[in-house]
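Enquirer: Take this structure first; my questions come after.
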Amino acid sequence: MSSSTTLKRTPFHEFHVAAGAKLVDFAGFEMPVRYTGDVREHRAVREKAGLFDISHMGEFDVRGPAADVWLDRMVPNDVRGMAVGQALYTPLCRPDGGIVDDLLIYRSSDHFLLVVNASNIAKDFAWLEKHLVDGVTLTDRSDATALLAVQGPRAPQVLEGHVPAAALDLGYYRFLEGRLFGVDAIIARTGYTGEDGFELYFAPSDARTVWEGLMAAGRPHGLEPVGLGARDTLRLELGYMLYGNDIDDTTSPLEAGLGWTVKLAKPEFISRETLAKQKADGLTRKLVGLELDGRRVPRHGMAVEVAGVKTGVVTSGTFAPSLEKPIAMAYVQPEHGALGSTVDVVAGETRLPARVVRRPFYTRGSKKS
Amino acid sequence: MSYPEDVRYTREHEWARDESGIVTVGITSYATDQLGDVVFVELPKIGKRLEVGKPFGVVEAVKTVSDLFAPIEGEVVEVNEALTDNPALVNQQPFGDGWMIRIRPVRNDDVKQLLDHREYAQHVEEQHA
C-alpha cells in the first residue's frame, strides 16, 4: 500500500505483518484491524487471552508541585483523591460540557501519566497546554511509549513469572512500575474489554523483547493477537465509550451516562457550572443501550424513531459475538429512553425494532471489580 | 493474490459463474477479507428481476455492512438458503458454498462482458495503489 508511507507505524508493525494482519488507517496509524477473524479474536479474549497493540494511543507526562491541583481543575473526576499507584477514568471537558477526550490518568509518586485517544493527541495537548499554569510541566511522551494490552481470564497466567509477583495481586485500576520480561515497564490492571487483564507501557526499543516474550509465554494459555475489529466489539458489549462515535466535543458526560465521573462536589473544575445546570435542568438526550432481534445491525449515524418520529441517532452498533445478537448505543430523548421502551432503528428502507436495555450488555466478564 | 479462473467478476467484488445458462453469484475472497466475519445476508425473493449495478441484497458483517450489486440483468431463480443459518459460509467458501443467488440471465453473453480473473486481480491491485 503506497498510502501507508504517510501513516505512522507502531513499534510492533513487523509482527503484525508477519502474523498476516489486515492493516488499516486508524487515526493516522497503520493498525491491525484483524489477524484471523473478528469473532475468533473476540472469543479468544472472552475465553482465554488476547494481545492488543494499542501503541497508537497518546501518553502525556504531567509533573510539578502544582500538578495535582491543576489536573483536578482540568477534569470532572477526582484527581486529588487518587492514591499513588491508582488509575482513573475521566472525561476532559470544555466549559460548555462538551468532551474534548476521555482518558486514563495514572498517579505515580512524582508525576501523572495521561493516556489519551490517538485521534486526539494533538487536540488534547493543545487544550492542556493552553490551560497550563506555573508549577506544572506537560510533556508528550507518545512517540517514546510502546503500549500493549493483555486481556482475558488467562491474562494473569500469561504474565506469571515475567512480572513481579505483586503485579498479579493488583486490584482493578491499580498499577506498579517494575520489570516485564526484564525491561522497565508500567504494569497496570486496566483495560477496555470487560475482562481481567493488563495494560503494559514500556520503551519502543523493548518492543521485540516484550512482544515475543508475551507470544511465547501466552501460547500454552491460548493467547492470540487481537485487532481493532474485536477491540470494538469487546468494548461495545460492555457499553464503553468510543471517542468520535459515542462522545465528542458536542456531547456532555451526563448525556453519555458518565455521571459517575462528574464530581460536582468538587468546588471548581472546567465545565462544572454547565454540568451542574444540566443536572438541575434535566437532560435533552441520553445515551441508551439497544438490543435487537434478527441479525440486521444498527450502525453509527442511523436515525432512531418512535412512532415514525425521529428521537435520536445510533452512535455505535455491532453484532455482539458473545450475545449473538445485534446491539447498539444511541442518543434518544429521555422520555424514550426508559429501560424496556421500544424504538425503531432506520436502516435504509427498513425499520429495525429495538428495545432499550441496561448497559453493560455483557455481564459475565472476568474483570476484577 | 489470484482468483478462480472459471468465474467472472465485477468491480464491486461480486463474482458470476455461468453454469449451463444459469448464473451463480457470490462475493469474492477479497470482499470477505475486507468485510470480516459475515453475520447476515439479506437476499431477494425468487422471481425478482435484477438490473445491472442495482442492489439486490445486503451483507452484514460484524464491523460493517455492504450492498450486493447485480452483475447482470436477469431473474432470481434460486437463493442460498444455507446462508440463513450459517452466514459464515460466505467467509469460509466465498467461491463455493458461500454463493448467494442464481440468476436466469436476459442475455446469455452478459457474463462474458464482466472482468476475467486477471483483470479482476489487476483491479484489486489498483484499489491498493
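The values are calculated or read from the model by the stated rules, or taken from the named source; none is laboratory data. Everything numeric in this text was worked out from a predicted model, so none of it was measured. Positions of Cβ are generated from backbone atoms using ideal geometry, with glycine treated the same way; all protein chains shown enter the neighbour counts.
Enquirer: Among the residues of region B:42-60, are any closer than 26 Å to A:Val33 by Cα, touching a helix residue (DSSP H, G or I) at 6+ places or on another chain (Cβ under 6 Å) and within 14 Å of chain A (Cβ to nearest Cβ)?
Expert: The answer is no; no qualifying residue exists.
Enquirer: Also: Scan region A:263-314 residue by residue and report those that are touching a residue at least 40 places away in the same chain (Cβ under 8 Å), more than 14 Å from chain B (Cβ to nearest Cβ) and within 23 Å of B:Val65 (Cβ to Cβ).
Expert: A:Leu287, A:Val288, A:Gly289, A:Leu290, A:Glu291, A:Ala303, A:Val304, A:Glu305
Enquirer: Checking the condition part of a strand (DSSP E or B) and within 12 Å of chain B (Cβ to nearest Cβ), which residue from A:Val39, A:Val62, A:Val24 passes?
Expert: Only one candidate qualifies: A:Val24.
Enquirer: B:Thr84 versus (1) surrounded by fewer than 16 Cβ atoms within 10 Å (Cβ to Cβ); (2) more than 13 Å from chain A (Cβ to nearest Cβ); (3) of a type in the set (S, T, N, Q): which is the lone unmet condition?
Expert: Of everything listed in (1) surrounded by fewer than 16 Cβ atoms within 10 Å (Cβ to Cβ); (2) more than 13 Å from chain A (Cβ to nearest Cβ); (3) of a type in the set (S, T, N, Q), B:Thr84 misses just condition (2).
Enquirer: Something else: For region A:225-262, enumerate the residues that are within 14 Å of chain B (Cβ to nearest Cβ) and not in a loop (DSSP other than H, G, I, E, B).
Expert: A:Leu228, A:Gly229, A:Ala230, A:Arg231, A:Asp232, A:Thr233, A:Leu234, A:Arg235, A:Leu236, A:Glu237
Enquirer: Separate question: Is it true that some residue in region A:337-351 is within 12 Å of chain B (Cβ to nearest Cβ), β-branched (Val, Ile, Thr) and not in a loop (DSSP other than H, G, I, E, B)?
Expert: Checked region A:337-351: at least one residue is within 12 Å of chain B (Cβ to nearest Cβ), β-branched (Val, Ile, Thr) and not in a loop (DSSP other than H, G, I, E, B).
Enquirer: Answer yes if at least one residue in region B:63-73 is within 14 Å of chain A (Cβ to nearest Cβ) and farther than 20 Å from A:Pro298 by Cβ, and no otherwise. Outline the logic, then answer.
Expert: Pass one, region B:63-73, residues within 14 Å of chain A (Cβ to nearest Cβ): B:63-68.
Those left that are additionally farther than 20 Å from A:Pro298 by Cβ: none.
Within region B:63-73 (the criterion being within 14 Å of chain A (Cβ to nearest Cβ) and farther than 20 Å from A:Pro298 by Cβ), the answer is no, since none of the residues qualifies.
Enquirer: I would also like to ask the following. Pick from region B:1-33 the residues that are outside any strand (DSSP E or B) and among the acidic types (Asp, Glu): which of them is farthest from B:Ile72 (Cα to Cα)?
Expert: B:Asp33
Enquirer: Is at least one residue of region A:210-217 without any contact (Cβ under 8 Å) to a residue 24 or more places away in the chain and either closer than 24 Å to A:Ser366 by Cα or surrounded by 18 or more Cβ atoms within 10 Å (Cβ to Cβ) (or both)?
Expert: yes
Enquirer: Return the residues of region A:234-251 that are out of contact with any strand residue (DSSP E or B) (no Cβ under 7 Å at 6 or more places or on another chain), on the phi < 0 side of the Ramachandran plot and not aliphatic (A, V, I, L, M); say none if nothing qualifies. Reasoning before the result, please.
Expert: So in region A:234-251, the residues out of contact with any strand residue (DSSP E or B) (no Cβ under 7 Å at 6 or more places or on another chain) come out as A:234-235, A:238, A:240, A:244, A:250.
Next cut, on the phi < 0 side of the Ramachandran plot only: A:234-235, A:238, A:240, A:250.
Listed by number, the residues that qualify are A:Arg235, A:Tyr240, A:Thr250.
Enquirer: While we're here: Go through (1) at pLDDT 95 or above; (2) outside any strand (DSSP E or B); (3) not small (Gly, Ala, Ser) for A:Thr5 and report which single condition fails.
Expert: (1)
Enquirer: Test each condition in (1) hydrophobic (A, V, I, L, M, F, W, C); (2) farther than 27 Å from A:Ala18 by Cβ; (3) in a helix (DSSP H, G or I) for A:Ala216 and report the one that comes out false.
Expert: (2)
Enquirer: At least 1 residues that are hydroxyl-bearing (Ser, Thr, Tyr) and more than 17 Å from B:Arg17 (Cβ to Cβ) in each: list the strands (runs of 3 or more DSSP E) lying fully within region B:34-129 that qualify. I'd like the intermediate steps shown before the answer.
Expert: Values: elements: B:38-42, B:55-61, B:65-69, B:74-79, B:101-105.
Qualifying strands (runs of 3 or more DSSP E): B:65-69.
Enquirer: Give A:Leu180, A:Leu159, A:Leu168 a once-over and let me know the one that is surrounded by 23 or more Cβ atoms within 10 Å (Cβ to Cβ), farther than 16 Å from A:Val115 by Cβ and without any contact (Cβ under 8 Å) to a residue 40 or more places away in the chain.
Expert: Values: A:Leu159 fails: without any contact (Cβ under 8 Å) to a residue 40 or more places away in the chain; A:Leu168 fails: surrounded by 23 or more Cβ atoms within 10 Å (Cβ to Cβ).
That would be A:Leu180, the only listed residue that is surrounded by 23 or more Cβ atoms within 10 Å (Cβ to Cβ), farther than 16 Å from A:Val115 by Cβ and without any contact (Cβ under 8 Å) to a residue 40 or more places away in the chain.
Enquirer: Take the residues in region A:12-21 that are more than 14 Å from every other protein chain (Cβ to nearest Cβ) and free of Cβ contacts under 8 Å to residues at least 40 places away in the same chain; name whichever of them is surrounded by the fewest Cβ atoms within 10 Å (Cβ to Cβ). Break it down stepwise before answering.
Expert: Step one: list which residues in region A:12-21 are more than 14 Å from every other protein chain (Cβ to nearest Cβ), which gives A:12-19.
Next, only the ones that are free of Cβ contacts under 8 Å to residues at least 40 places away in the same chain stay: A:13-14, A:17-18.
Numbers: A:His13: 21, A:Glu14: 13, A:Val17: 13, A:Ala18: 8.
Checking each candidate, the answer is A:Ala18.
Enquirer: Mind listing whichever residues of region A:270-321 are of a type in the set (Val, Ile, Thr), outside any loop (DSSP other than H, G, I, E, B) and not assigned by TED's automatic domain parsing to the domain that holds A:Pro334? Outline the logic, then answer.
Expert: To start, the set of residues in region A:270-321 that are of a type in the set (Val, Ile, Thr) comprises A:270, A:274, A:284, A:288, A:297, A:304, A:306, A:309, A:311, A:313-315, A:318.
Within this subset, residues satisfying the condition of being outside any loop (DSSP other than H, G, I, E, B) are A:274, A:288, A:304, A:306, A:309, A:311, A:313-315, A:318.
Within region A:270-321, just A:Thr274 meets the criteria.
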